[in-house]
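Below is one structure; the comments refer to it alone.
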Amino acid sequence: MKLNIEQRRIVELEPSGNMLVKGVAGSGKTTVAVKRIPFLLNHYCIEPGDKVLMVTFNKTLLNYIKYQYKKVEDDGNYQFEMLFNKDKEVEISTNIS
């Protein structure tokens with residue numbers, strides 16, 4: 001998953017609360033979200049118990065994002081020594097039960 005300049009800017013944006021990424025289908029919203037998770041873990045989750053929560057629109061997208069996130073982990077494109085720290089967790093969820 002390659003990022004363009006604008007996507008990279010969003011991925012590496014300093015967190016300042018919740019973020020909503022909007023765009024047309026196929027514009028790279030999911031790619032940005034998936035790539036942002038390890039960025040946040042590696043740069044901003046420094047305290048024990050820090051977590052990243054990603055909320056999706058529906059269960060289909062939930063499964064797709066989990067699949068893509070697993071691919072990012074497997075690619076090794078990020079520094080995952082912090083990612084696998086047991087104190088840091090990622091939750092990808094939808095509000096639909």
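If a residue must be exposed (fewer than 13 other Cβ atoms within 10 Å of the Cβ) and not charged (D, E, K, R), how many such residues does segment 1-11 contain?
Matching residues across segment 1-11 total 2.
Residue by residue through segment 66-85, note down the ones that are crowded, with 16+ Cβ neighbours inside 10 Å, modelled with pLDDT under 70 and within 11 Å of Lys35 (Cα to Cα).
Listed by number, the list holds a single entry, Tyr78.
Could you check segment 17-47 and list, in sequence order, the residues that are free of Cβ contacts under 8 Å to residues at least 12 places away in the same chain, closer than 14 Å to Leu61 by Cβ and surrounded by 13 or more Cβ atoms within 10 Å (Cβ to Cβ)?
Lys29
Of the residues Val52, Val90, which is surrounded by 13 or more Cβ atoms within 10 Å (Cβ to Cβ), at pLDDT 85 or above and not in a helix (DSSP H, G or I)?
When all the criteria are applied, what remains is Val52.
Would you point out which residue out of Lys2, Lys22, Lys29 is in contact with a Gly (Cβ under 8 Å, 6 or more places away or on another chain) and over 16 Å from Glu91 (Cα atoms)?
After applying the criteria, what remains is Lys29.
Take the conditions outside any helix (DSSP H, G or I), modelled with pLDDT of 90 or more, within 14 Å of the chain's Cα centre (by Cα) and loosely packed, with under 13 Cβ neighbours inside 10 Å and apply them to Glu14. Does it pass?
yes
The values are calculated or read from the model by the stated rules, or taken from the named source; none is laboratory data. Please read all numbers here as calculations on a predicted model, not as lab measurements. Reconstructed Cβ throughout: ideal geometry from the backbone, glycine too, with neighbour counts over all protein chains shown.
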